[in-house]
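Report on one structure; see the data block that follows.
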Amino acid sequence: MGKTPGMNVVDALLDSWDRQCRIVEAIASKVDESNRHLKPSEDGWSLDFHLAHMHSVRHYFLTNVDPERGKQLGSSFTDGWTTPISDLAEIKSLLNQSGPAVRESVKEALENGVEKFGWYDNPVLFLQHMVWHEGWHVGLITLALRLAGQEPAEEWAESKVWGEWRTEEW
């Protein structure tokens with residue numbers, strides 16, 4: 001990665017979201033038809049549910065802060081928030097669509113000096129909520145994979161997760 005010369009706070013914030021989206025895409029690539037029903041605990045959500053939920057949260061909150069952009073996104077559940085759609089590739093595609101939609105909504109709000117952003121006192125707080133929320137789910141997906149003996153290799157995690165943030169040489 002390395003330091004980006006002249007990066008201002010807004011650029012850094014949006015860059016952090018882009019990194020988060022790449023991490024979500026990377027962990028989603030570890031979910032396939034053979035393991036999509038794994039859970040991090042007996043009473044936990046399945047991997048496909050976690051992915052569908054992340055998109056739905058993006059979609060739901062985006063419809064509050066940017067209704068027009070939110071309307072352009074499809075649903076990852078068949079019945080509100082209970083049953084993920086059966087097409088795993090579509091769930092992943094929806095995640096890949098909602099990430100840039102969230103980014104552009106926040107970028108426009110910051111460029112336009114918007115302070116109140118839906119339920120949030122600032123667009124930055126909205127984006128921080130999204131990053132925290134998704135980090136939580138990435139951790140649970142990783143735990144489910146670990147418990148099933150499918151935890152991504154350390155080298156994979158270093159390049160696809162931690163390498164998104166670290167700039168130091170190991």
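Here are a few things to note about the model shown:
- Residue within region 21-30 that is in a loop (DSSP other than H, G, I, E, B) and either aliphatic (A, V, I, L, M) or loosely packed, with under 14 Cβ neighbours inside 10 Å (or both) present: yes
- Arg103 in contact with a Ser or Thr (Cβ under 6 Å, 6 or more places away or on another chain), farther than 19 Å from Glu33 by Cβ and modelled with pLDDT of 95 or more: no
- Qualifying residue in region 115-129 (condition: part of a helix (DSSP H, G or I), charged (D, E, K, R) and either without any contact (Cβ under 8 Å) to a residue 60 or more places away in the chain or surrounded by 15 or more Cβ atoms within 10 Å (Cβ to Cβ) (or both)): no
- Filtering region 57-89 to residues that are part of a helix (DSSP H, G or I) and surrounded by fewer than 20 Cβ atoms within 10 Å (Cβ to Cβ) leaves Val57, Tyr60, Thr63, Asn64, Pro67, Glu68, Arg69, Gly70, Lys71, Leu88, Ala89.
- Checking Ala28, Ala52 one by one, the residue that is free of Cβ contacts under 8 Å to residues at least 60 places away in the same chain, touching a helix residue (DSSP H, G or I) at 6+ places or on another chain (Cβ under 8 Å) and aliphatic (A, V, I, L, M) is Ala52 and no other.
Per-residue answers, yes or no, for (1) among the β-branched types (Val, Ile, Thr); (2) farther than 30 Å from Pro123 by Cβ:
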site	(1), (2)
Ile27	yes, no
Ser34	no, yes
Leu38	no, yes
His50	no, no
Arg58	no, no
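- Restricting region 136-155 to residues that are hydrophobic (A, V, I, L, M, F, W, C) and free of Cβ contacts under 8 Å to residues at least 60 places away in the same chain, the residue that is surrounded by the fewest Cβ atoms within 10 Å (Cβ to Cβ) is Ala153.
The values are calculated or read from the model by the stated rules, or taken from the named source; none is laboratory data. None of the values given here were measured: they were computed from a predicted structure. Cβ sites come from the backbone with ideal geometry, for glycine too, and all protein chains shown count toward neighbours.
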